[in-house]
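Contents: one structure, followed by commentary.
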């Protein structure tokens, strides 16, 4: 006699235990601490904070540990945690021109006030495996030099003084928040930027790359790329003024894009903007390119039908937590649906076979 | 019950926002109400929409039932039931008649529901027009203008190509003569049951939509006069309980192509066997036997 498959609950518990064991790996090898991940897997931590939309390196490191290094899974853990947090209030806008930069480069000017700082970058490393690291060699201290922190004005603002770059419209409007309101189209630029900054790095990179290869090409230069920490200020009602409540590390990218001018506007450069938590420059540059591509309507350009210009396409598919969930859900049982298709195909095949046979007999 | 979280996991503000969407959905049957879906601790695609709707309608006195593919013991049904036991501390049941709130994926229970029950569906793609028009901006316009010609053309093309409408599940219905609605991926066998005494709520988490059918709302499966809608099922009786009117799963039982058919609604099948019905391969019912 057939006994229906039971025991889903036991199976789930057993799977979870096995997973925990696999996560730990060989117990003869020392366990990774959250602090080690936070300090030595910094760029992974940064990505998890950026796409998880929660600035907390310790929690991001914990999520990476729990997710066995699967960053999308780690981002998911952070998002699910973030959504339960109460909102105490809103900070003042971050002032990135007051950023304490560890890296600041411009591809459009050889030098600029505030100087160029390469910072801790992979850019000019030769990608040769360093076998010394396998032996856990300690690194010598990097050379240091005293600097006097000076102002680091935004480089694109120099172009703005000549009117060579389009001025962004000022707005005191509270930016929309797609984690609190359902996404509705057309989306304001602020909302698009929010979606891009928490969007999947791979997706945003692919979209940006497609614009460089000619799908809505917009000739981007990196006007400025800066990485550093910014103070976060909040107005405390009881005090009546704003105080520092902490600082966040950010990567900001402003691109300068060619623009031919339109019937109503003289030729002028335009901008794309990227701002991402942590040291995440690939993402910030990608974000700026996609932001620029999405601005075609506002700038009076043609819609070329390119994916990166298509707001609905980009915003609906940038979120890796939505994407991975829906993609992976096809693992769940679908036998009821499949059964109904099975019946339909059988019925249609029976009808088709009969029709063919009758046709053959007539011939 | 876990003390670290609010009752049924979501905070009260979020539940209020969801309840408003539900009320709007009930006021405009079949209309997809956008709502600010939250990230849940289970992945999108696992029923986050249904879970949020259930969380918003559950009260501490309620008894809950969760089914997936008609069964209470499928892994995801077990997982969601556990979630509500943990975060809401509600009583749970496998018996359809004992449940106040039933969350379902892909089936409507065989046993008719009552006015004091709520059926919550998990919905993957709430938009019935999505596979004809991928753009949300377009499909919303089509609903607003009641422009459903494209759907009828699709059904017509099915017939001219295959001799039948080739939609077997998620078969679209027209609600009270106005909105075309996706009943979620239930087999079309279940479509006639959509007109029922219970409140039906549909939650799509990833797509951020909630819609509803109030009790006794008309939901007509789309068809043509000469090709009327047909609620089909496997042409067999259940091999365990002998029922020949329930929806059946086909189970492969050996590697020689042998198979049997069993009720997809496990509680319904159990109930019939408890009453003494025996199918072709069934054995007399014993509690907890299968």
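The values are calculated or read from the model by the stated rules, or taken from the named source; none is laboratory data. Please read these numbers as outputs of a predicted model, since none were measured by experiment. All Cβ positions, even for glycine, are placed from backbone atoms using ideal geometry, and neighbour counts span all protein chains on display.
Here is a check on your reading of the model: is residue A:200 more than 18 Å from residue A:90 (Cα to Cα), within 14 Å of chain B (Cβ to nearest Cβ) and out of contact with any strand residue (DSSP E or B) (no Cβ under 7 Å at 6 or more places or on another chain)? So residue A:200 fits the description; yes. Would the stretch B:83-99 turn up any residue that is without any contact (Cβ under 8 Å) to a residue 60 or more places away in the chain, on the phi < 0 side of the Ramachandran plot and surrounded by 24 or more Cβ atoms within 10 Å (Cβ to Cβ)? Yes; the residues of the stretch B:83-99 include at least one that is without any contact (Cβ under 8 Å) to a residue 60 or more places away in the chain, on the phi < 0 side of the Ramachandran plot and surrounded by 24 or more Cβ atoms within 10 Å (Cβ to Cβ). Scanning the stretch A:77-108 for residues that are under 20 Å from the mean Cα position of the chain (by Cα) and within 14 Å of chain B (Cβ to nearest Cβ) yields A:77, A:78, A:79, A:80, A:81, A:82, A:83.
Residues of the stretch B:101-116 being touching a helix residue (DSSP H, G or I) at 6+ places or on another chain (Cβ under 9 Å), more than 14 Å from chain A (Cβ to nearest Cβ) and surrounded by fewer than 22 Cβ atoms within 10 Å (Cβ to Cβ), which ones? Those that are touching a helix residue (DSSP H, G or I) at 6+ places or on another chain (Cβ under 9 Å), more than 14 Å from chain A (Cβ to nearest Cβ) and surrounded by fewer than 22 Cβ atoms within 10 Å (Cβ to Cβ): B:111, B:112, B:113, B:114.
Does any residue of the stretch A:44-56 turn out to be outside the structural domain of residue A:202 (by TED's automatic domain parsing), in a loop (DSSP other than H, G, I, E, B) and more than 18 Å from the chain's Cα centre (by Cα)? Taking every residue of the stretch A:44-56 in turn, none turns out to be outside the structural domain of residue A:202 (by TED's automatic domain parsing), in a loop (DSSP other than H, G, I, E, B) and more than 18 Å from the chain's Cα centre (by Cα). Hey, can you tell me all the residues within the stretch B:25-47 that are in a helix (DSSP H, G or I), surrounded by fewer than 24 Cβ atoms within 10 Å (Cβ to Cβ) and in contact (Cβ under 8 Å) with a residue 40 or more places away in the chain? Once the filter is applied, which keeps residues that are in a helix (DSSP H, G or I), surrounded by fewer than 24 Cβ atoms within 10 Å (Cβ to Cβ) and in contact (Cβ under 8 Å) with a residue 40 or more places away in the chain, the stretch B:25-47 yields only B:26. Only residues that are within 11 Å of chain A (Cβ to nearest Cβ) and either under 16 Å from the mean Cα position of the chain (by Cα) or more than 15 Å from residue B:41 (Cα to Cα) (or both) were counted in the stretch B:81-100, giving 1. Note on the stretch A:1-32: residues that are modelled with pLDDT of 95 or more, under 29 Å from residue B:83 (Cα atoms) and outside any helix (DSSP H, G or I) amount to 1. Residues of the stretch A:113-160 that are touching a strand residue (DSSP E or B) at 6+ places or on another chain (Cβ under 8 Å), surrounded by 10 or more Cβ atoms within 10 Å (Cβ to Cβ) and assigned to a loop (DSSP other than H, G, I, E, B): A:114, A:115, A:116, A:118, A:119, A:120, A:121, A:152, A:154, A:155. Of all residues in the stretch A:250-261, those that are free of Cβ contacts under 8 Å to residues at least 12 places away in the same chain have Cβ atoms under 7 Å from Cβ atoms of residues that are surrounded by fewer than 21 Cβ atoms within 10 Å (Cβ to Cβ), 6 or more apart or on another chain, in A:260/A:267; A:261/A:267; A:261/A:268. Determine if the stretch A:27-37 includes at least one residue that is surrounded by 20 or more Cβ atoms within 10 Å (Cβ to Cβ), more than 16 Å from the chain's Cα centre (by Cα) and not assigned by TED's automatic domain parsing to the domain that holds residue A:198. Yes, the stretch A:27-37 contains at least one residue that is surrounded by 20 or more Cβ atoms within 10 Å (Cβ to Cβ), more than 16 Å from the chain's Cα centre (by Cα) and not assigned by TED's automatic domain parsing to the domain that holds residue A:198. For the stretch A:280-298, does any single residue satisfy the condition of being crowded, with 23+ Cβ neighbours inside 10 Å, at pLDDT 90 or above, part of a loop (DSSP other than H, G, I, E, B) and more than 13 Å from chain B (Cβ to nearest Cβ)? Yes - at least one qualifying residue is present in the stretch A:280-298.
Applying the criterion of being crowded, with 19+ Cβ neighbours inside 10 Å and part of a loop (DSSP other than H, G, I, E, B) to the residues of the stretch B:1-24, the residue that is nearest to the other protein chains (Cβ to nearest Cβ) is B:10.
Taken as a whole, the condition of being out of contact with any helix residue (DSSP H, G or I) (no Cβ under 9 Å at 6 or more places or on another chain), surrounded by fewer than 21 Cβ atoms within 10 Å (Cβ to Cβ) and assigned by TED's automatic domain parsing to the domain that holds residue B:26 applies to residue B:197. The stretch B:171-261 holds strands (runs of 3 or more DSSP E) entirely within its bounds, and those carrying 1 or more residues that are farther than 21 Å from residue B:100 by Cα and at the interface with chain A (Cβ under 10 Å from one of its Cβ atoms) map to B:209-213, B:248-252. On the basis of being within 11 Å of chain A (Cβ to nearest Cβ), in contact (Cβ under 8 Å) with a residue 24 or more places away in the chain, over 13 Å from the mean Cα position of the chain (by Cα) and not in a strand (DSSP E or B), does residue B:164 make the cut? The answer is yes for residue B:164. Counting residues in the stretch A:93-109 that are outside the structural domain of residue A:42 (by TED's automatic domain parsing), on the phi > 0 side of the Ramachandran plot and part of a loop (DSSP other than H, G, I, E, B) gives zero. Would you confirm whether any residue within the stretch B:259-268 is in contact with a helix residue (DSSP H, G or I) (Cβ under 6 Å, 6 or more places away or on another chain), at pLDDT below 90 and either outside the structural domain of residue B:178 (by TED's automatic domain parsing) or more than 17 Å from residue A:336 (Cα to Cα) (or both)? No, the stretch B:259-268 contains no residue that is in contact with a helix residue (DSSP H, G or I) (Cβ under 6 Å, 6 or more places away or on another chain), at pLDDT below 90 and either outside the structural domain of residue B:178 (by TED's automatic domain parsing) or more than 17 Å from residue A:336 (Cα to Cα) (or both).
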